[in-house]
Amino acid sequence: MNDNSFLRFGAVQSNHIMNVSENLNRAKQIVNDISDKCDVIVFPELYSTGYFMNEQYLNSNAETIDGHFISEIKKNAKINDVFIFMPFLERKKDILYNSVAIISNNGEVIGVKRKSINWKPENGIINEGVLNENLEVYQINDFKIGVLICYEASFPENARELALKKCDAILIPSFWSDSALNHWVIQLCARALDNNVYVLGVNGLLDNSSCGNTMGILPDGNIDVSLEKNEGILYFNINSEKLHEIQRKIPYFTDYLEYFES
């Protein structure tokens, strides 16, 4: 992009499929189709395998960061000159993690975020990362981007830690349940407002198991754009001028710093 005061996101709200090869092919096609409209493409939680808590299936399909799935996505990112946040089931020394590979537009992995607060059905199958080692901020053009994975966004301390590291936006790849739609809206909007940052919640779909509603939220806590419960791409732009305007007008985060940081 020419204007570094903007960053264009494409959030992929897609059905979870229990087929890694098919998921890879779909991802590559999506990137090919929408990369001209985006600087960053974000996929939903555990995209590589789908969010299926079947221990045998997951053990058979977990891959290292150097495995075939992420290697192919790296090539696709470079060809299309786009950053990709790709959730995948990571294997590291025979331990499984619910992870996100952060891939640059040069096709390089610039970070791996591991989910550190699991939703309880994942325990015993997928390991938790170390929380204070998995709250990093990644530089993309002139913006600093943080990542929380699904249930991690329910805890305000995690978003606050990213804000203290001066992030401008928090991406939240998720598989959020249908019964918790109200939580999804309330908690993600609160994370944005409390910290005066952009929030992009990217949800996967599976029958009636998830609530959908992928959404882009402004730093004042208002929803800017959203999808319902159909497959699709949500386009969401963040803007440094608007970010700073809201931070001046509704200074929740800087007031917090004034009164509580000492």
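Read the figures in this text as sums done on the coordinates, not as results from a lab. Remember, it's a predicted structure, so these values are computed and weren't measured experimentally. Here the Cβ positions follow ideal geometry from the backbone for every residue, glycine too, while neighbour counts run over all protein chains shown.
A compact table of results
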| quantity | calculated |
| --- | --- |
| Counted charge near residue 13, where neighbours are those whose Cβ lies closer than 10 Å (Asp, Glu -1; Lys, Arg +1) | -1 |
| Residues in the range 101-128 that a label on residue 78 would reach, taking backbone N under 17 Å of a point 7 Å out along Cα→Cβ | 102-111 |
| Spherically averaged projected area in nm², based on the convex hull that wraps the Cα atoms of the range 6-260 | 12.4 |
| Positive-pole candidate from 143, 29, 50, dipole of the chain, charges at beta carbon | 29 |
| The range 75-160 shape via C-alpha gyration tensor axes, a/c threshold 1.5 | oblate |
| Amide H contacts of residue 138 (H built 1.01 Å from N, under 5 Å, at least 5 apart or other chain) | 145, 146 |
| Lys, Arg +1 and Asp, Glu -1 on Cβ, resulting dipole of the chain about Cα centre, debye, nearest 20 | 260 |
| Cα-based Rg of the range 1-138 normalised by 2.2 N^0.38 Å, two decimals | 1.03 |
| Out-of-range pairs (alpha-carbon distance over 25 Å; input 74/120; 78/144; 37/78) | 74/120 |
| For peptides 56-68, 191-203, sequence by mean Cβ density within 10 Å, most packed first | 191-203, 56-68 |
| Percent antiparallel among DSSP beta bridges (both partners in the chain, rounded to 5) | 65 |
| Length added when fully stretched, residue 95-residue 181, from 0.36 nm per residue minus Cα-Cα | 27.8 nm |
| Computed [θ] at 222 nm, helices only, for the chain once each DSSP H run of length n ≥ 4 contributes -39500 (n - 2.57) | -9000 deg cm²/dmol |
| ³J(HN,Hα) computed for each position of the range 179-188 - Karplus, 6.51 cos²θ - 1.76 cosθ + 1.60, integer Hz, glycine/proline x | 6, 10, 3, 4, 5, 3, 5, 5, 5, 5 |
